[in-house]
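The values are calculated or read from the model by the stated rules, or taken from the named source; none is laboratory data. Since the structure is predicted, the reported quantities are computational estimates derived from the model, not experimental observations. We place every Cβ from the backbone using ideal geometry, glycine too, and count neighbours over all the protein chains shown.
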Amino acid sequence: MTPLWFITLCGAAVIATGLVAGVFLAFSDFVMKALRATSTAPAIEAMQVINRKVYGSAFLVFLLGLAPVTLFIAMYAFATLSGPAAIWVISGGLLYVVGVIAVTMVCNVPMNKRLDALDHSSDEAAAYWQIYLSQWTAWNHVRTVASAASAVCLFVGVMTV
């Protein structure tokens, strides 16, 4: 029998990954579109401020805190579960670690750091902004899908335990 603490932890991870997916969806759905529709220098400055304010936010706690949680859940499932439940839970954990955390660290964060280093009113920033808008948003779509898929996999997994 699967312990109640594991089921509870999976349930909490479902909610948290869903919240992370919602934030990413908001950026993909309308925040980046709004910034694209804004004049370049103010849009760059707004994104720079957003990227600075994320540090110390509840969102960052969820985003990063879920990495060890989902990895632990996947490892526990690998070691103790079998059948479809194990596959769903392991998939949910791996989707989060690879599709959200790795993509964030390898793709989105370096772009954020480069944007932050630029003077928002410079020609260099304006040129980079066009690249940033398309590439950052594309990788954010990946994070949106990965975090939502992680929530679904964890949910289905815990429901089949």
For the stretch 101-125, pairs from a residue that is assigned to a loop (DSSP other than H, G, I, E, B) to a residue that is β-branched (Val, Ile, Thr) and crowded, with 19+ Cβ neighbours inside 10 Å, with Cβ under 7 Å and 6 or more apart or across chains, are His120/Ile44
Within the stretch 12-26, the residues that are surrounded by 20 or more Cβ atoms within 10 Å (Cβ to Cβ) and of a type outside the set (Val, Ile, Thr) are Ala13, Ala16, Ala21, Phe24
Exactly one of Trp88, Trp129 is farther than 26 Å from Ala26 by Cβ, part of a helix (DSSP H, G or I) and touching a residue at least 60 places away in the same chain (Cβ under 8 Å), and that residue is Trp88
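Is it the case that Tyr76 is under 30 Å from Ala34 (Cβ atoms) and modelled with pLDDT of 95 or more? Spell out how you get there, then give the answer.
Working: under 30 Å from Ala34 (Cβ atoms): no; modelled with pLDDT of 95 or more: yes.
The answer is no for Tyr76.
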Only one of (1) over 17 Å from Ser28 (Cβ atoms); (2) at pLDDT 95 or above does not apply to Ala148, and that is (1)
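Yes or no: Val89 β-branched (Val, Ile, Thr) and surrounded by fewer than 19 Cβ atoms within 10 Å (Cβ to Cβ)? Talk me through it step by step, then tell me what you get.
Numbers: β-branched (Val, Ile, Thr): yes; surrounded by fewer than 19 Cβ atoms within 10 Å (Cβ to Cβ): no.
So Val89 fails the test.
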Ala102 vs. criteria out of contact with any His (no Cβ under 9 Å at 6 or more places or on another chain), farther than 30 Å from Thr8 by Cβ, at pLDDT 95 or above and of a type in the set (Gly, Ala, Ser): no
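Restricting attention to the stretch 75-85, which residues are in a helix (DSSP H, G or I) and among the hydroxyl-bearing types (Ser, Thr, Tyr)? I'd like the intermediate steps shown before the answer.
Taking the stretch 75-85 and keeping what is in a helix (DSSP H, G or I), we get 75-80, 83-85.
If the condition is that a residue be in a helix (DSSP H, G or I) and among the hydroxyl-bearing types (Ser, Thr, Tyr), then Tyr76, Thr80 are the ones that fit.
Of everything in the stretch 23-74 that's among the aromatic types (Phe, Trp, Tyr) and assigned to a helix (DSSP H, G or I), which residue is farthest from Ala12 (Cα to Cα)?
Going residue by residue through the stretch 23-74, those that are among the aromatic types (Phe, Trp, Tyr) are 24, 27, 30, 55, 59, 62, 72.
Checking which are assigned to a helix (DSSP H, G or I) leaves us with 24, 27, 30, 59, 62, 72.
Values: Phe24: 19, Phe27: 23, Phe30: 27, Phe59: 15, Phe62: 11, Phe72: 13 Å.
So, considering only residues that are among the aromatic types (Phe, Trp, Tyr) and assigned to a helix (DSSP H, G or I), the one farthest from Ala12 (Cα to Cα) is Phe30.
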Cβ pairs under 6 Å, 6+ apart or interchain, first in the stretch 42-60 and touching a residue at least 24 places away in the same chain (Cβ under 8 Å), second in a helix (DSSP H, G or I) and of a type in the set (Val, Ile, Thr), ordered by first then second residue, are Phe59/Val23
